[in-house]
Amino acid sequence: MLSNRSDNRANDQLRPVSLERGYLKNAYGSCLVSFGDTRVLCAASIDESVPVWRKGSGQGWVTAEYAMLPASTTTRTRREIHGQQGRTLEIQRLIGRSLRAVVDLRALGEITVTLDCDVLQADGGTRTAAICGAWLALRDALEVWRQAGKLTASPLFGQVAAVSVGLVAGQVLLDLDYREDSKAEIDMNLVMTNAGEFVELQGTGERTTFDRARLNELLDAGTAGLQQLLALQLQA
């Protein structure tokens, strides 16, 4: 069924998704990910050390940093020169948690992999796009590290992807763009592994409450979209 979506997508249809690996020359792994008009550049760096609190544990660490370029939005977004804001910290922690859910940190050894996720253009769903692209960048970086003889096998044991879903004008919509997200009655972000297990559910009744039946409807729509995204990662 077609809705009143500005791009004439069906309610359960993703925006056009593009995952371009190896976008940056100097990164161990990188991916330019596009969800419609949202574009995020994800790059993986590897440091042969771990945070102080991790030293001697025999385990590595996977973390993320997230930023929006000034011209990524219709009005200039100020650079966070004097410290990251709450939203930025929340999103980069989400990206890090999502990636660590599919990494054997002990098999990684005492190294740190940092995923830098920079929003080039924002039209809704920047955090979900970042997670999808960051997984590919992480996968490629770990493979480079393995081929260099630093690992006997990749510590990555699964995939992880994320998507938004929401209720707009009484209809459940998958993969909201900014126009839809800004007027959503219910707004959710779902992060799931290829084993079908959720890493995180972020759901908010922005303009209305919701019951278990509506929650199940949102989860069903999101899960169907996540399965498509996991398949697209493998194709990439």
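The values are calculated or read from the model by the stated rules, or taken from the named source; none is laboratory data. For clarity, every value in this text was computed on a predicted model and none was experimentally measured. Note: ideal-geometry Cβ built from the backbone for every residue, glycine included; neighbour counts use all protein chains shown.
Within the option set 50, 33, 103, 40, being more than 16 Å from residue 189 (Cβ to Cβ), crowded, with 18+ Cβ neighbours inside 10 Å, touching a residue at least 40 places away in the same chain (Cβ under 8 Å) and in contact with a Gly (Cβ under 7 Å, 6 or more places away or on another chain) holds for one residue only, 50. Of the residues making up the stretch 112-145, not one is over 21 Å from residue 166 (Cβ atoms), of a type in the set (Lys, Arg) and within 12 Å of the chain's Cα centre (by Cα). The residues listed here are 153, 213; of these, the one that is at pLDDT below 95, surrounded by fewer than 20 Cβ atoms within 10 Å (Cβ to Cβ), among the aliphatic types (A, V, I, L, M) and more than 21 Å from the chain's Cα centre (by Cα) is 153.
The listed residues are 172, 160, and the only one of them that is buried (at least 22 other Cβ atoms within 10 Å of the Cβ), touching a Leu at 6+ places or on another chain (Cβ under 7 Å) and among the β-branched types (Val, Ile, Thr) turns out to be 160. If you check 37, 7, 12 for being modelled with pLDDT under 95 and of a type outside the set (Lys, Arg), only one passes: 7. Among the residues making up the stretch 29-63, those that are in contact with a Pro (Cβ under 8 Å, 6 or more places away or on another chain) and more than 29 Å from residue 7 (Cα to Cα) are 60, 61. Restricting the stretch 206-229 to residues that are of a type in the set (Asp, Glu) and out of contact with any strand residue (DSSP E or B) (no Cβ under 6 Å at 6 or more places or on another chain), which is nearest to residue 186 (Cα to Cα)? The qualifying residue nearest to residue 186 (Cα to Cα) is 211. Is there a residue being hydrophobic (A, V, I, L, M, F, W, C) and at pLDDT 95 or above anywhere in the stretch 121-128? The answer is yes, given that some residue of the stretch 121-128 is hydrophobic (A, V, I, L, M, F, W, C) and at pLDDT 95 or above.
From the list 64, 10, the one residue that fits, being aliphatic (A, V, I, L, M) and under 27 Å from residue 151 (Cβ atoms), is 64. Within the stretch 104-136, the set of residues being hydrophobic (A, V, I, L, M, F, W, C), under 23 Å from residue 26 (Cα atoms) and not in a helix (DSSP H, G or I) comprises 111, 113, 115, 117, 119, 120. Look at residue 88 and say whether it is free of Cβ contacts under 8 Å to residues at least 60 places away in the same chain and within 14 Å of the chain's Cα centre (by Cα). Yes; evaluated as a whole, the condition is true for this residue. For the stretch 165-236, the strands (runs of 3 or more DSSP E) that sit wholly inside it and include 3 or more residues that are free of Cβ contacts under 8 Å to residues at least 24 places away in the same chain are 198-205. Only a single item in (1) closer than 17 Å to residue 38 by Cβ; (2) surrounded by 22 or more Cβ atoms within 10 Å (Cβ to Cβ) is not met by residue 141, and it is number (1). Residue check: residue 162 meets all listed conditions (1) in a loop (DSSP other than H, G, I, E, B); (2) touching a strand residue (DSSP E or B) at 6+ places or on another chain (Cβ under 9 Å); (3) of a type in the set (Gly, Ala, Ser) but one, namely (1). Filtering the stretch 139-171 to residues that are out of contact with any helix residue (DSSP H, G or I) (no Cβ under 6 Å at 6 or more places or on another chain) and closer than 23 Å to residue 94 by Cα leaves 139, 140, 141, 142, 157, 158, 166, 167.
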